[in-house]
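**Student:** Please see the structure below; I have some questions.
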Amino acid sequence: MYPKRLANVVIVKKSNGNWHMCMDSTDLNKVYPNDSFPLLKTDKLMDSTVGFEYLTSLDANSRYQVPMHLNDKEKTTFLTEKKTFCYQAMPYGLKNTGATY
């Protein structure tokens, strides 16, 4: 079985000077519809905690992993010199990752 879409792989220099391999999801983002789930404002979140004894938080700044739906994994296929790969979790760069998270 061959994937219908292959993403390009790009090498990006990070702010710390290291290099990082990324999938160019520009074409995939063009054909996917927007999810309309805006993130809540911090002040509204904090106001909603008034009256509760405990407050917990989740530090999701460094990394989060949202499993890919089985039918969508093929859409994240990218090609290297030796093999093709696809993501098992939603990669950064897809326009709906934040809303899905």
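The values are calculated or read from the model by the stated rules, or taken from the named source; none is laboratory data. Because the structure is predicted, anything quoted here is derived from the model rather than measured. Here the Cβ is made from the backbone with ideal geometry for all residues, glycine too, and neighbour counts use every protein chain on show.
**Student:** Count, please, the residues in region 43-84 that happen to be in contact with a Cys (Cβ under 6 Å, 6 or more places away or on another chain) and either at pLDDT below 80 or part of a loop (DSSP other than H, G, I, E, B) (or both).
**Tutor:** Adding up the residues that qualify gives 1.
**Student:** Here's something else I'd like to know. Please name all residue pairs, on different chains or six or more residues apart, with Cβ atoms under 7 Å, provided the first residue is in region 82-101 and is at positive phi and the second residue is in a loop (DSSP other than H, G, I, E, B) and at pLDDT 80 or above.
**Tutor:** G93/S25
**Student:** Next question. Starting from region 8-19, take each residue that is closer than 19 Å to T77 by Cβ and list its partners that are loosely packed, with under 10 Cβ neighbours inside 10 Å, counting only C-beta distances under 8 angstrom and pairs at least six apart or across chains.
**Tutor:** From residues that are closer than 19 Å to T77 by Cβ, the pairs are V9/T80; I11/W19.
**Student:** Another question, if that's okay. If I ask for residues that are closer than 11 Å to A7 by Cα and either modelled with pLDDT under 80 or surrounded by fewer than 12 Cβ atoms within 10 Å (Cβ to Cβ) (or both), which ones from region 28-39 would you list?
**Tutor:** Residues satisfying the conditions do not exist here.
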